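The values are calculated or read from the model by the stated rules, or taken from the named source; none is laboratory data. Just so it is clear, the model here is predicted, and its values are computed rather than measured. Please note: Cβ atoms are built from the backbone with ideal geometry, for glycine as well, and neighbour counts cover all protein chains shown. Ligands, DNA and RNA are excluded from the accessible area calculation, which covers all protein heavy atoms including side chains. Shrake-Rupley method; radii C 1.70, N 1.55, O 1.52, S 1.80 Å.
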Protein chains: 2
Amino acid sequence: MIDLAITLDSQSSLPLHQQLYEELRRAILSGRLLPRQKIPSTRSLAQSLQVSRTTVTQGYDRLLSEGYLETIVGSGTYVCAQLPDDLLHSAPIDPATTINPLPIHLSDYGERLRQMPFSLQPSIDLPISFRYGQPALQQFPIALWRKLLSRYCLNNTAWLDYAIDWQGYPPLRDAIANYLTRSRAVQCDPQQIILTNGTQQALDLIMRLMINPGDGIAIEDPGYLSARRVFLSYGAELCPIPVDESGLVVEKLAQLPDRSLRLVYVTPSHQFPTGSILSLTRRLELLVWAEQHRCLILEDDYDSEYRYGVREASLKENRPIPSLQGLDRNHSVIYMGTFSKVLFPSLRMGYLVVPPSLVPLVAQAKWLGDRQLPTLEQHVLTEFIAAGHLESHIRKMRSHYDQLRQILVHALKTHFGDRVRVFGEKAGIHVMVQFHTPWCDAEVIERAAQVGVGLMSAQPHYYYPDDRGEFILGYADLDAAQITTGIKRLAQGLSQ
Amino acid sequence: MIDLAITLDSQSSLPLHQQLYEELRRAILSGRLLPRQKIPSTRSLAQSLQVSRTTVTQGYDRLLSEGYLETIVGSGTYVCAQLPDDLLHSAPIDPATTINPLPIHLSDYGERLRQMPFSLQPSIDLPISFRYGQPALQQFPIALWRKLLSRYCLNNTAWLDYAIDWQGYPPLRDAIANYLTRSRAVQCDPQQIILTNGTQQALDLIMRLMINPGDGIAIEDPGYLSARRVFLSYGAELCPIPVDESGLVVEKLAQLPDRSLRLVYVTPSHQFPTGSILSLTRRLELLVWAEQHRCLILEDDYDSEYRYGVREASLKENRPIPSLQGLDRNHSVIYMGTFSKVLFPSLRMGYLVVPPSLVPLVAQAKWLGDRQLPTLEQHVLTEFIAAGHLESHIRKMRSHYDQLRQILVHALKTHFGDRVRVFGEKAGIHVMVQFHTPWCDAEVIERAAQVGVGLMSAQPHYYYPDDRGEFILGYADLDAAQITTGIKRLAQGLSQ
């Protein structure tokens, strides 16, 4: 009888029959057992290994069913003849063999990604952390969301299947169109909407359809780093345009040396990270510029829901400024938004509103890229919007954030006086500040950490990073006491 | 007083104050009202329009807050001075103005997509439709899924936030690694897994990281159309390789004129659409070929869960054949799978298992492309797998589909005799058939439709579409009686 050199370990968590299977399979693949070679009967192997015959039979059965072994009636069990022995010998694949990984050729996209500096800002986890991009999750009506999930999960089984519509669930597109028309003056037929996995995918879809390596995109400087990374991953040439307290300085666009830009990317409702709101004048200028230069505008209407302080007395009348898209008459604006900030980030639901001629291609690219959004969530969100929960949640949060914002700005003025400049406090869920200190940004962060306060620098969002003493203070997931204490401690930490 | 030429419609569904707002805004933007122009007091406008003063105040307030109007204390209300009148006059944007859409420049990707023939097969909705790719949704344990959703939705609020891990929720990756190791002999550390929105996104991520226009990809012919479309959208040059009853004919790969291929795309567990299972011999040959040619293999382990008929007597022992990835020792296989077919299509949860050197780039591309999968579903799916529901559901469905499959094959043999050839009945949830008829495929579909039976041709999945009389019969969402009746009617419809 051939010596199978099999060792089974009765202490192992793997069942004995599986150990046997693995050992025999390995022996066959490594060429230790050759094709057509007879192997011991189950009875004799069981005896020699001192295991039950059932164990051996189970192991053999699996090898038989997988084509490693074959039974010849009246003769016995053999290694399958169909395994060509030259193959096995030329390529021994015993797991003990050193792995010899094949080299991987990257595409140009892959190569750009590999070379991209891609460190995230270290996540800050200190007693009081002023993180941005973090809504007040504890305020989300989770019980209501759960009720809707439960209801739609049982309602029928249609949601289990693929959606038929590539652009997204039609009633959800209706609800979004309705909402955008009312609240953002977007000129929007539901047929122009394509649902996406958040704005990040919206950016990606537009890049892949419109940008070749070397194409020009004008961006705000400072501006949203995650968008810039997407543009760079597609090989776009970026033209940074400065922003001031009225948003993108449109006249700087006009002064660019004459080159063709494909897109201008703007965050008009709440410029990231400065918080400026693009003025109506600038909006109109930008649209005229876009028409003259035949350049499309990518409007990321980020944080458009939260605007404060214009007329404190009648907050309810303080509607956000209308979108660029709503002012446009040339189909020159691609509009994008998301529910991540007003509902919750892990929802992954955003949308594009695109010029009619672009609709079929974006829908096709979305379908080819990942088919669709999860259907159940689309049904739930439709009901959430249609029943008015979205707008009432926004109203509630606007008032909540407005209080926090006032507390933050007050605390900054109290504890820092003229050692701080506050930007963009009129909108959104963060403010940008500039501290006047003798230290570089990293030292400021370090000193803040020493008093238990987490800070994030605005530096990575600048095209040319530099020590400007600018920080982005997110306040949405803190409470009033944390904000007051945090700023007080920060002032102590930053006193000389 | 200036004539504002405003008409309000009391029958409109739009509130009067909003109508007033819209009319005034339009008048300003079109230049009918000029910057610094004084507008009537709320009292006098209310009088002249015969509406309440509150209505006018509401309209004015919104225009004030949005920067169209300004109040000069003690003087009155004016159109904002900051609107440069030259701008307004050079670009009248009255909605009545004819829209002059800007041309849209497409990227090379966009242009390829635009030129791609992209008709879907018409969806068939006949009394009995043999659709493929459609699992038995009525068998899905929806109440259990709902219970898990409800539980995790309340469990805590951590799931509302972004996941920290770019590759996907770590416990879910652990559960998948465990499942793949046990059931598919995949050599898989959870660190090699990246969660994706189904296999469609997995394909897309690999393309963007590895394929430049002009790069070669070998594909199965016939093969999965949706994959081919993704490859073509990236400009890949496709090399179709024939398949037979043992799957991809590997020796045809070896006979290709010497050119460098970047990838070979295979569906070894259940070749789409023929249903062949790639034999162990071919698997080993393919791995050797890949090593010699330094070419990676993209293994789409589609339908690996369902394999029947090898040893009818002990179905429970009939494990699927091990994956290519599990046989590989050179990190030359990129493995992909999905829960769409075993759970439900609208879930959008798939995964890639990639060689270690590729992990950071795939994770980064996923993060840049759309951040992450919805967190709540990731938690629910983790529990579903960890508690054993996945494997028990698969066992139940395997037996269910096996019965249906036997009924279908029996009905085909009974009613068609030697007028039909059945392929690939050993696995998956469809079979491919070739009917011997005098008609072209479109006529066969038409005749089937006349007897109330929906059929889908295999034609679009061939590289060179032609009338072969081949059809893909999905049976998973039908019951036994529908299958028997459907095939009987079909035989009548196709009799001369």
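Quick notes on this one:
- Protein heavy-atom accessible surface, 1.4 Å probe, per residue over region B:184-321: 30 Å².
- If only the Cβ of Lys and Arg carry +1 and only the Cβ of Asp and Glu carry -1, the dipole of chain A around its Cα centre is close to 980 debye.
- Region B:153-246 - percent relative contact order, Cα under 8 Å, separation 6 or more: 21 percent
- Probe 1.4 Å - accessible area at A:SER399, Å² to nearest ten: 50 Å²
- Across the copies of the chain, A:ARG112 has label points (7 Å from Cα along Cα→Cβ) spaced 1.4 nm apart, shortest distance listed first.
- R0 of 25 Å, Cβ-Cβ distance A:ARG26-A:ALA81: FRET efficiency to nearest 0.05: 0.80
- Other-copy label distances relative to B:ALA254, 7 angstrom Cα-Cβ extension, nm: 7.1
- Around A:ILE193: net Lys/Arg minus Asp/Glu count, Cβ-Cβ under 10 Å: -1
- Residues with amide H under 5 Å from that of A:ALA81, placed H, sequence gap 5 or more: A:ARG36
- Label separation (A:HIS410 vs B:ILE6): 3.7 nm, computed from points 7 Å beyond Cα along the C-beta direction.
- Distance between the 7 Å Cα→Cβ label points at A:TYR463 and B:SER44: 5.0 nm.
- The helix-based estimate of mean residue ellipticity at 222 nm for chain A, built from -39,500 (n - 2.57) per DSSP H run of four or more residues and divided by its residue count, is -12500 deg cm²/dmol to the nearest 500.
- Working note: Karplus 6.51/-1.76/1.60 with θ = phi - 60° gives region A:181-186 the couplings 5, 5, 9, 10, 6, 6 Hz, where Gly and Pro are set to x.
- Couplings 3J(HN,Hα) of region B:388-399, computed from phi: x, 5, 4, 5, 6, 5, 4, 4, 4, 5, 4, 6 Hz, in residue order, whole Hz [Karplus 6.51 cos²θ - 1.76 cosθ + 1.60, θ = phi - 60°; x for Gly and Pro].
- Shielding score for B:198-211, defined as the mean number of other chain Cβ atoms within 10 Å: 5
- Across A:LYS413/B:LYS366; A:LYS366/B:LYS341; A:LYS366/A:LYS426, pairs whose alpha-carbon gap is larger than 32 Å: A:LYS413/B:LYS366; A:LYS366/A:LYS426
- Working from label points 7 Å from Cα in the Cα-to-Cβ sense, the B:HIS400 to A:PHE118 distance is 4.0 nm.
- Amide H within-cut-off set for A:ALA427, under 5 Å, with H built and near neighbours excluded: A:TYR308
- Summing charges over neighbours of B:LEU361, with a neighbour being any other residue whose Cβ is under 11 Å away from its Cβ, gives +3 when K and R count +1 and D and E count -1.
- What separates the Cα centres of region B:461-496 and region A:188-267 is a distance of 50 Å.
- Neighbourhood charge, 9 Å Cβ-Cβ cut-off, centred on B:VAL431 and excluding it, Lys, Arg +1 and Asp, Glu -1: 0
- Accessible area of the protein assembly as shown belonging to carbon and sulfur atoms, whole % at 1.4 Å probe: 49 percent
- Residues of region B:325-352 buried by at least 20 Å² on assembly (accessible area, 1.4 Å probe, chain alone as reference): B:LEU327, B:ARG329, B:ASN330, B:HIS331, B:PHE344, B:PRO345, B:SER346, B:ARG348
- Gyration tensor verdict on region A:111-211 (Cα atoms; rounded if a/c is under 1.5, prolate if a/b is larger than b/c, oblate otherwise): oblate
- Accessible surface of B:LEU102 - all protein chains present, 1.4 Å probe, nearest 10 Å²: 10 Å²
- Heavy atoms of chains B and A lose about 10900 Å² of accessible surface on contact, summed over both sides with a 1.4 Å probe.
- With DNA, RNA and ligands ignored, accessible area of B:ARG229 (1.4 Å probe; Å², nearest 10): 20 Å²
- What separates the A:ILE394 label point from its copies, with the point 7 Å along Cα to Cβ, is 4.5 nm, written shortest first.
- In order along region A:232-246, the phi-based Karplus estimate (6.51 cos²θ - 1.76 cosθ + 1.60, θ = phi - 60°) of 3J(HN,Hα) comes to 5, 5, 8, x, 5, 8, 9, 10, x, 10, x, 10, 10, 5, 10 Hz; Gly and Pro are listed as x.
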